Amino acid sequence: MWVIQVAEFGGPEVLTPVEVPDPVPGPGEAVVDVAAADVLFVDTQVRLGAFDFGVQLPYVPGDGYSGTVSAVGDGVDPGWVGRRVAAYTGGFLGTGGYRERGLARADELVPVPDGVSSEVAAALLHDAITGLTLTDALDVRPGEWVLITAAAGGMGVLLLQLAAAAGGRVVGAARGEEKLALVRQNGAEPVDYSSPEWADAARALTGGAGFAAVLDGAGGAVGETAFTLTADGGRFSGHGAASGVFAGVDPGVAAARGVSVCGIAEVQLTQERMRVQLARALAEAAAGRLVPAIGATFPLEKASDAHEALAARAVPGKALLLP
């Protein structure tokens with residue numbers, strides 16, 4: 001079978017198709033024929049060596065996949081064979097999803113409901129788990145003003161939907177008309193943060209009061225500006241670093257303003273909790289309440305093209321690999 005392997009940190013060209021032996025399930029394990037693999041912007045940053053996630057070279061990128069169970073090992077119910085599943089691999093440590101077949105512990109498999117495509121299941125793997133955890137943590141309430149940055153990304157779109165479902169009055173900050181259109185399609189008021197006046201425009205929508213909850217997936221200068229838009233006594237999540245760095249928030253300033261702050265550490269979950277959140281997300285998708293925006297798909301061997309497109313901010317919504 002084929003996997004995409006990174007033997008050295010660098011540009012998209014280091015994503016190399018490599019042929020490896022087919023996986024053989026051991027006790028408690030299952031083999032999944034991969035139908036769709038999740039691709040994240042953070043994958044491009046890990047590939048560059050920009051963040052230290054403990055990756056040991058060579059590694060296979062990606063944090064999960066969806067597909068069909070084709071074989072099981074001893075101690076696993078044979079009824080799994082032929083079932084469509086999703087599996088979160090925690091791929092930063094080298095067991096990632098950019099592959100034709102995956103080996104997973106059977107107790108980590110989450111069944112994909114009827115009516116949910118394999119592509120949708122893969123698109124929900126990371127972003128919906130994180131999105132649900134963030135919206136739970138920030139406790140968005142009916143009538144509150146909510147600001148979401150990087151709102152046209154894979155997770156941003158889901159956050160727009162989740163905040164609106166909680167009754168929030170949602171503003172989505174993104175860059176460029178195509179992405180702003182996606183924000184509108186998901187029921188939020190768009191603000192273009194390529195404009196120098198974007199913060200004033202966002203605050204004006206709240207009547208000057210600011211936002212009760214801010215979910216920042218952009219980081220950097222955008223995230224720091226978003227923090228200033230948080231109302232006194234509000235909640236701020238600085239979980240994203242699409243700009244290359246997380247938003248720098250002074251704890252003393254946050255405390256003086258009564259703003260509670262959470263970051264990426266607050267969305268680190270146990271494997272069991274991830275399974276619970278993924279099953280919840282798939283159920284929401286089956287009910288039509290959670291709809292990922294899949295902006296582009298690529299063949300497995302074109303993983304480098306997927307990374308180039310993400311780095312260029314050329315994909316509104318989610319990118320997937322289809323082995």
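The values are calculated or read from the model by the stated rules, or taken from the named source; none is laboratory data. This is a predicted model, so every value here is computed, not measured. Here the Cβ positions follow ideal geometry from the backbone for every residue, glycine too, while neighbour counts run over all protein chains shown.
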Fill in: Subset tally (residues that are at pLDDT 95 or above and either of a type in the set (S, T, N, Q) or in a helix (DSSP H, G or I) (or both)) for region 199-220
8
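Under the condition of being among the small types (Gly, Ala, Ser) and buried (at least 20 other Cβ atoms within 10 Å of the Cβ), which residue from region 45-75 is nearest to Ala128 (Cα to Cα)?
The extreme case among them is Gly64.
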Practice prompt. Quick one: which residue in Ala306, Ala296, Ala319, Ala285 is free of Cβ contacts under 8 Å to residues at least 60 places away in the same chain and of a type in the set (A, V, I, L, M, F, W, C)?
Written response: Ala296
Discussion item. One residue is enough: does region 214-233 have a residue meeting the conditions surrounded by fewer than 19 Cβ atoms within 10 Å (Cβ to Cβ) and either closer than 20 Å to Arg141 by Cβ or in contact (Cβ under 8 Å) with a residue 60 or more places away in the chain (or both)?
Written reply: yes
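Do we have Val42 as surrounded by fewer than 24 Cβ atoms within 10 Å (Cβ to Cβ) and more than 18 Å from the chain's Cα centre (by Cα) here? Steps first, please.
Values: surrounded by fewer than 24 Cβ atoms within 10 Å (Cβ to Cβ): yes; more than 18 Å from the chain's Cα centre (by Cα): no.
Taking the combined requirement at face value, the residue does not satisfy it.
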Worksheet item: Hey, which of the strands (runs of 3 or more DSSP E) in region 226-305, taking only ones fully inside, have at least 2 residues that are in the same structural domain as Leu162 (by TED's automatic domain parsing) and farther than 30 Å from Leu15 by Cβ?
Response: 230-238, 260-263
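Looking only at region 122-153, which residues are polar (S, T, N, Q) and either more than 15 Å from Arg235 (Cβ to Cβ) or crowded, with 24+ Cβ neighbours inside 10 Å (or both)? Please lay out each step first, then the result.
First, the residues of region 122-153 that are polar (S, T, N, Q): 130, 133, 135, 149.
Passing the criteria: Thr130, Thr149.
Of all residues in region 131-190 being of a type in the set (Lys, Arg) and part of a helix (DSSP H, G or I), which is farthest from the chain's Cα centre (by Cα)?
Going residue by residue through region 131-190, those that are of a type in the set (Lys, Arg) are 141, 169, 175, 179, 184.
Those left that are additionally part of a helix (DSSP H, G or I): 179, 184.
Working: Lys179: 17, Arg184: 20 Å.
Filtering region 131-190 for residues that are of a type in the set (Lys, Arg) and part of a helix (DSSP H, G or I), the one farthest from the chain's Cα centre (by Cα) comes out as Arg184.
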Worksheet item: Which one is farthest from Ala285 (Cα to Cα), of the residues in region 116-126 that are at pLDDT 95 or above and not in a helix (DSSP H, G or I)?
Response: Ser117
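Scan region 76-89 for residues that are in contact with a helix residue (DSSP H, G or I) (Cβ under 8 Å, 6 or more places away or on another chain) and either over 22 Å from Leu269 (Cα atoms) or surrounded by fewer than 21 Cβ atoms within 10 Å (Cβ to Cβ) (or both) and report the count.
Of the residues in region 76-89, the ones in contact with a helix residue (DSSP H, G or I) (Cβ under 8 Å, 6 or more places away or on another chain) are 76-77, 80, 84, 86-88.
From what's left, either over 22 Å from Leu269 (Cα atoms) or surrounded by fewer than 21 Cβ atoms within 10 Å (Cβ to Cβ) (or both): 76-77, 80, 84.
Qualifying residue count for the region: 4.
Could you please let me know if Thr44 is free of Cβ contacts under 8 Å to residues at least 60 places away in the same chain and among the hydroxyl-bearing types (Ser, Thr, Tyr)?
Working: free of Cβ contacts under 8 Å to residues at least 60 places away in the same chain: no; among the hydroxyl-bearing types (Ser, Thr, Tyr): yes.
No.
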